[in-house]
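These notes concern the structure reproduced below.
The values are calculated or read from the model by the stated rules, or taken from the named source; none is laboratory data. The structure displayed is predicted, hence computed values, not measured ones. Virtual Cβ from ideal backbone geometry, glycine too; neighbours counted across all protein chains shown.
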Amino acid sequence: MFNGIIKNTGKIKKIYKKNSNCYLEVLSKIKFNKNEIGSSISCSGACLTLEKYKRKLSYFYLSKETLSRTNFKFLKKGDIINLEKSLKYGNRVSGHYVQGHVDVTSKVKKITVVGKSWFINFSLPKKYKKYLIQKGSISINGVSLTISKILSNSFVLVLIPSTLKFTNLVLLKTNDVVNIEFDIFGKYLRKMIQ
């Protein structure tokens, strides 16, 4: 479980596929210790297991399911991803609860800069609109954000300067693909009502 408050990014040093398996090597300033091997790390919103680490390099395995559901199938060497360690009991939760289970990917339709804020319009098939609530929470590449506006086949988020400073969202361009995780409580409530 994560809270979507990103303070670290990493650069993909190597992404390699072997048969149906895929491995990711990430260079970052985030520090790990041997007790954290096997722990969950949010990598641009996808919950991955830390396989090993060596100084500033960390290694992750990507399953076929992860590749099919996330934007990792498009990523390449040199791309920047968001990193977040899982929550510890007793720590502050500033964002919202994020599982690291990517629901769907989305494309950036349009970016409008107003002052120091970015208004980003993301495309979304209508069948997923039921998971959106204006002023509700959503995770984009693992970043906890608030939905500003819901349109017929898209939604808008407003990114403030500190979000842009600490995350890979500052690198977004039109047509880029992002990972989306809808609010966990909204998904459970919807399931219970059905």
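Applying the criterion of being among the small types (Gly, Ala, Ser) and modelled with pLDDT of 95 or more to the residues of region 1-37, the residue that is farthest from LEU48 (Cα to Cα) is SER28. One residue stands out among those in region 2-25 that are touching a helix residue (DSSP H, G or I) at 6+ places or on another chain (Cβ under 9 Å) and assigned to a loop (DSSP other than H, G, I, E, B): the one that is surrounded by the most Cβ atoms within 10 Å (Cβ to Cβ), which is ILE6. Reported count of residues in region 151-175, each being farther than 16 Å from ASN3 by Cβ and crowded, with 16+ Cβ neighbours inside 10 Å, is 10.
Among residues of region 77-103 being more than 17 Å from SER162 (Cα to Cα) and small (Gly, Ala, Ser), the one that is modelled with the highest pLDDT is GLY78.
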